[in-house]
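Before I ask anything, let me first share the structure, which is written out below as structure tokens.
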Amino acid sequence: MKTEPLHSYLQLALLFAICLVLIPQAVTAAEFFDHETMDQTYAMGMYTDIHAIEEARDGGYILGGYVYKDGIGSSLLIRTDKTGEVRWSETYPGDWIVSLKEAEDETIYFTALTWIQESKDPQKMKGSGYLASTDREGALLWKQELENHSPATITLTDNELLLVGWRWTSVDQPDISGFFSRYGWDGTLLGEEEYPGLLVHDILPDEGSYLLFGGSSAINEDDSVSYAHITSIDTTGEVLWSNTIDDLIIYSAAAMDEGYVMSGSTHHYWTSLGQAQAIGATDEGNLLWKSDLPGYAGYAIARYGDDFLVAGGTGPNHPFIASITADGDIADSVRLTDADGRFTSAETLSSASVAVAGWSRHTGEVEGWLRIFDPTEPGPGEPEPAETPGFGLIAAVIGCIAAAVMFGSRRRA
């Protein structure tokens, strides 16, 4: 029996290894930087931070956050064109804008707050909030001071402004209650419901009712949170049901095809401690899965193609972006270790792309940072596919087969 030389087998193995490399690999929607369509920074003072994003009706963007200049910290609005270039910026009462919406008539509604932060424990904080509106050019129309309130998220219905967050009973007795408030378009309070012992960070519509997301105001001995809550309420704020999840607080939520996916942390806001997590739940608020993310907090989540994009912070002081499937699998994640900062907002846009924002120091200054990723389009500089889908795979397989046949023929010759 004829024995083949060892180098022949090595050549054959090398041939098939090369063929495997040549076969095109699937590109997932979670490969963020292959699909980036915008990367903008905003320096409005010594320190600029973006906390809220709204896609404007004229195709540009409205950004809300914080600016520190001339020794004063203020709430900040920035309006850009569709390329991200600044059209105007204005400052308002409060320390920073946490949520904003643009109405059909292009009136801008926003919530802002001022915290006197003596501790990372919400029970030991003090503060007040603001609800305000401006015209499309940023001129203030009206504002309401919300004493002892910490507003979180504003949303609009056909005839009301809805606002959620939490409030302190008083400065001297800082017992915390979550709240759900209804306002008229002129800022008139129509009604408010309270939820003792809870923090409310987000709200989503739910077929004639609403879901509130947040956590307990109580903390454990290691400063971690006691539990997250998903609470269903009717249109007046009355509780229909509430479910809890241990050792977690929910900061942001998005709807799945069936149920909800949420992001949060094991510790309270701004602590830079803990474990970032994403969770999935049924329509009834029952836990489906829980997944650890590569950071200390997932501050915002938004639909991203078939997946969900989570934006947050990771140690020691950097932003992160992660993509998670509806089943809880992490499709991709990026820790931006070359950029001090964090991402605190994420918003799905009408084009199905997602905008994320926060702050960074990667240019040397503390600047607001806006990035946009589109799962359906290649980013700047990425070539369009030159072949019919699948052609590259077929060609590679045919090439491998042909090479193998030729190799075998040479050996037999």
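The values are calculated or read from the model by the stated rules, or taken from the named source; none is laboratory data. Just so it is clear, the model here is predicted, and its values are computed rather than measured. Using ideal geometry, Cβ is built from the backbone for each residue, glycine included, and neighbour counts are taken over all protein chains shown.
For region 261-272, what are the residues that are over 13 Å from G312 (Cβ atoms) and either in contact with a Leu (Cβ under 7 Å, 6 or more places away or on another chain) or outside any strand (DSSP E or B) (or both)?
H268 - this is the single residue of region 261-272 that is over 13 Å from G312 (Cβ atoms) and either in contact with a Leu (Cβ under 7 Å, 6 or more places away or on another chain) or outside any strand (DSSP E or B) (or both).
A further question on this structure: Looking at the structure I just gave you, is D332 in contact (Cβ under 8 Å) with a residue 60 or more places away in the chain, farther than 23 Å from D247 by Cα and surrounded by 20 or more Cβ atoms within 10 Å (Cβ to Cβ)?
no
Six or more apart or on different chains, Cβ under 7 Å: which pairs go from a residue in region 91-105 that's charged (D, E, K, R) to one that's part of a loop (DSSP other than H, G, I, E, B) and surrounded by fewer than 24 Cβ atoms within 10 Å (Cβ to Cβ)? Could you list them?
Note: pairs meeting the criteria are E102/A56; E102/R57.
Just a yes or no: is a residue in region 237-260 more than 22 Å from the chain's Cα centre (by Cα) and aromatic (F, W, Y)?
yes
Restricting attention to region 181-224, and to residues there that are in a strand (DSSP E or B) and β-branched (V, I, T), which single residue is nearest to the chain's Cα centre (by Cα)?
Residue satisfying both the conditions and the ranking: I203.
Another question, then. Picking from W88, W96, W185, which residue would you name as being modelled with pLDDT of 90 or more and either closer than 23 Å to T236 by Cα or out of contact with any strand residue (DSSP E or B) (no Cβ under 8 Å at 6 or more places or on another chain) (or both)?
W185
May I ask you to verify whether S177 is of a type in the set (S, T, N, Q), assigned to a strand (DSSP E or B) and at pLDDT 95 or above?
For S177, the condition - of a type in the set (S, T, N, Q), assigned to a strand (DSSP E or B) and at pLDDT 95 or above - is not met.
Kindly provide the set of residues from region 276-315 that are among the acidic types (D, E) and assigned to a strand (DSSP E or B), ordered by number.
Answer for region 276-315, where residues must be among the acidic types (D, E) and assigned to a strand (DSSP E or B): D292, D307.
Specify which of the listed residues (G64, G45) is of a type outside the set (A, V, I, L, M, F, W, C) and outside any loop (DSSP other than H, G, I, E, B).
G64
Do we have any residue at all in region 39-51 that's at pLDDT 95 or above and more than 18 Å from T363 (Cα to Cα)?
Yes: region 39-51 contains one or more residues that are at pLDDT 95 or above and more than 18 Å from T363 (Cα to Cα).
Search region 252-266 for residues that are closer than 18 Å to V356 by Cα and pair each with any residue that is not in a strand (DSSP E or B) when their beta-carbon atoms are under 6 Å apart and the residues are at least 6 apart or on different chains.
Once the first residue is closer than 18 Å to V356 by Cα and sits in region 252-266, its partners that are not in a strand (DSSP E or B) give G264/L248.
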